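Reviewing the structure listed below.
The values are calculated or read from the model by the stated rules, or taken from the named source; none is laboratory data. Treat the numbers as computed from the prediction; the structure is a model and nothing was measured. Neighbour counts run over all protein chains shown; Cβ positions are idealised from the backbone, glycine included.
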Amino acid sequence: MPQLPRPLFPTLALAVAVLGTGAVQAQTFSAVAPTPAQVRPAVDQAYTQLLSASQVQQLLEAVKADHERSIDDLRMLTEIEAPPFKEHKRAEAFLARMKALGLADAKIDAEGNVVGLRKGTGNGPKLLVSAHLDTVFPAGTDVKVKDLGNGKLAAPGISDDTRGLAVLLSWLKVLNDHNIQTVGDLLFVGNVGEEELGNLRGMKRIFADHLDIDGMVGLEPAPDGSVLILGTGSHRYEVTFKGPGGHSYGAFGQVPSAIHGMGRAIAKIAEVKTPSFPKTTFTVGTVSGGTSVNTIAPEAKMAVDIRSDQMEPLLETEKKILAAIDEAVVEENRRWNVSTLSVSSKLIGDRPGGKTPPDSVIVEAATRANASFGHKTLLSGASTDANVPMSLGIPAIIVGGGGKTGGFHAMSEWIDVTDAWKGAQNSLVTVLGLVGVQGVTQPLLEKRPPRAK
């Protein structure tokens, strides 16, 4: 997972707080917070009713009471390694916990996602709630959880995104223990393929198999109040240069070097201009090639990453970079008056981009829930699982699951779980407002016409 949050441009920045009363104590969940300017009255009223209901108050207290047990789940899942494309053991453990907590029909799908449906009363929307199973760490990594004291735990992957998985399990337990019946359906998912070259394969499968999903709330490590609404798209290429190769002295002047051709390409790529808004970036991330210091390289490879907050400038930058690569090969061949250097480009990463409008109900719901817990809302963007539904026009956000976190993608990754239950309460309140609670509120999230295959 990339760093979260990255604030959006000023016109989208929101700062929403409970006015006049200061921070709201999590145990009381003020239901009379003034309506923030960015939240429509219907959303404010729904959350006022929701947080005034005794069964919801009891449910949120149960989240707090379940905190220590949920940390046991966090430890257990963290210590099952889950490298990209090798998430199966963790998936099996997560599936077992989902079934034990009441989703008897949960299963692992063809892509490796763990999927379980908690049905609502009927005729409500279907909301996907998810966290990703995979981490960036390779097989063999020491994933033993270390207790650093004062609530701080450290292990590779413990916050990104194992904490999210543990929160989903806690929600499932308290909802079932307290017989909370939502109006809309909740599709619980532990998905694969979020990190590295997973290309969001898990989410792509979920949305291909479930054409009736009306929205998504994903959990990632994020500060309190962060609501991710922008999905940064990316394309990644593996570029291979090939030539005949030869002795560095004997064949000099007769054959082109694959490494020299790649060097020309890198120099040209470095001169590509991109817009500052929407933010569009590129980098040559890795290079390799050659066989020895005294050999004209017969092969060289590089990996190129191209990203943008909008697809049009991403595609335009991609076009310029691929053209620069072709030009470099022509120039290297011309340098030696040959035509024996060639290049091929393979797309190895494809993450669609998208955006959830800041004035959509799902964003206002998260904003209103944050206000009830005394948090300002910061709209942000990054590349996450939410990219997939955003690219399909389905409302999606990423929020935090509670706990202070740091060291993402490093061996020293950590989470401070002190009072982390507050974040789990906050995000659950967001979810409950969207799907509605029987006898308390109707769903804020609208049902969408099922998508065609």
Q) Within the bounds of region 95-113, is there any residue that is in a strand (DSSP E or B) and under 21 Å from the mean Cα position of the chain (by Cα)? A) yes
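Going by what's in this entry, would ARG334 be described as within 30 Å of GLU446 (Cα to Cα) and either charged (D, E, K, R) or surrounded by fewer than 19 Cβ atoms within 10 Å (Cβ to Cβ) (or both)? Talk me through it step by step, then tell me what you get.
Details: within 30 Å of GLU446 (Cα to Cα): no; either charged (D, E, K, R) or surrounded by fewer than 19 Cβ atoms within 10 Å (Cβ to Cβ) (or both): yes.
Answer is no for this residue.
For region 37-92, name all the residues that are assigned to a loop (DSSP other than H, G, I, E, B) and closer than 24 Å to THR367 by Cα. Give the derivation first.
In the first step, residues of region 37-92 are kept if they are assigned to a loop (DSSP other than H, G, I, E, B); the result is 37-40, 53, 66, 79-87.
If the condition is that a residue be assigned to a loop (DSSP other than H, G, I, E, B) and closer than 24 Å to THR367 by Cα, then ALA37, GLN38, VAL39, ARG40, ALA53 are the ones that fit.
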**Q.** Boolean, LEU186 is hydrophobic (A, V, I, L, M, F, W, C), in the same structural domain as TRP414 (by TED's automatic domain parsing) and touching a helix residue (DSSP H, G or I) at 6+ places or on another chain (Cβ under 8 Å)
**A.** yes
**Q.** All positions within region 385-410 that are within 26 Å of HIS67 (Cα to Cα), touching a Gly at 6+ places or on another chain (Cβ under 7 Å) and outside any strand (DSSP E or B)
**A.** ASP385, GLY400, GLY401, GLY402, GLY403
Q: Working carefully through the options LYS319, LYS273, LYS268, find the one that is at pLDDT 95 or above, of a type in the set (Lys, Arg) and either in a strand (DSSP E or B) or within 25 Å of GLU196 (Cα to Cα) (or both).
A: LYS319
Q.
Can you tell me how many residues within region 254-289 are touching a strand residue (DSSP E or B) at 6+ places or on another chain (Cβ under 7 Å), surrounded by fewer than 19 Cβ atoms within 10 Å (Cβ to Cβ), over 13 Å from GLY243 (Cβ atoms) and among the polar types (S, T, N, Q)?
A. 5
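Can you find a residue that is under 22 Å from GLN45 (Cα atoms) and either in contact with a His (Cβ under 7 Å, 6 or more places away or on another chain) or assigned by TED's automatic domain parsing to the domain that holds LEU133 (or both) anywhere in region 383-392? Talk me through it step by step, then tell me what you get.
Applying the first criterion (under 22 Å from GLN45 (Cα atoms)) to region 383-392 yields none.
Taking every residue of region 383-392 in turn, none turns out to be under 22 Å from GLN45 (Cα atoms) and either in contact with a His (Cβ under 7 Å, 6 or more places away or on another chain) or assigned by TED's automatic domain parsing to the domain that holds LEU133 (or both).
Going through ARG205, ARG118 one at a time, which residue ends up being closer than 17 Å to LEU392 by Cβ and at pLDDT 95 or above? Write out each step before concluding.
Working: ARG118 fails: closer than 17 Å to LEU392 by Cβ.
Exactly one of ARG205, ARG118 is closer than 17 Å to LEU392 by Cβ and at pLDDT 95 or above, namely ARG205.
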Q: Return yes or no: is GLY225 touching a helix residue (DSSP H, G or I) at 6+ places or on another chain (Cβ under 6 Å), in contact (Cβ under 8 Å) with a residue 40 or more places away in the chain and in the same structural domain as THR317 (by TED's automatic domain parsing)?
A: no
Q: Exactly one condition in (1) at pLDDT below 95; (2) touching a Lys or Arg at 6+ places or on another chain (Cβ under 7 Å) is not met by GLU196; state its number.
A: (2)
Q) Mind checking which residues of region 379-401 are out of contact with any Ser or Thr (no Cβ under 7 Å at 6 or more places or on another chain) and closer than 15 Å to VAL129 by Cα? A) THR384, ALA386, ASN387, VAL388, PRO389, ILE394
Q: Within region 280-312, track down each residue that is touching a residue at least 40 places away in the same chain (Cβ under 8 Å) and more than 30 Å from SER248 (Cα to Cα).
A: ASP305, ILE306, ARG307, SER308, ASP309, GLN310, MET311
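Answer yes or no as to whether VAL239 is of a type in the set (A, V, I, L, M), surrounded by 22 or more Cβ atoms within 10 Å (Cβ to Cβ) and either at pLDDT below 95 or closer than 21 Å to HIS409 by Cβ (or both). Break it down into steps so the answer makes sense when it comes.
Details: of a type in the set (A, V, I, L, M): yes; surrounded by 22 or more Cβ atoms within 10 Å (Cβ to Cβ): yes; either at pLDDT below 95 or closer than 21 Å to HIS409 by Cβ (or both): no.
In short, no.
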Q: Within region 329-381, track down each residue that is closer than 15 Å to ALA396 by Cα, out of contact with any Leu (no Cβ under 7 Å at 6 or more places or on another chain), in a helix (DSSP H, G or I) and not acidic (Asp, Glu).
A: VAL363, ALA366
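Has region 139-146 got at least one residue that is of a type in the set (Asp, Glu) and more than 22 Å from ALA410 (Cα to Cα)?
Narrowing region 139-146 to residues of a type in the set (Asp, Glu): 142.
Among the residues that remain, those that are also more than 22 Å from ALA410 (Cα to Cα) are: none.
No, because not a single residue in region 139-146 is of a type in the set (Asp, Glu) and more than 22 Å from ALA410 (Cα to Cα).
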Q: Any residue in region 148-165 that's assigned to a strand (DSSP E or B): show its pairings with residues that are surrounded by 16 or more Cβ atoms within 10 Å (Cβ to Cβ) and aromatic (Phe, Trp, Tyr) at Cβ separation under 9 Å, as long as the two are six or more apart or on different chains.
A: LEU148/TRP414; LYS152/TRP414; LEU153/TRP414; ALA154/TRP414
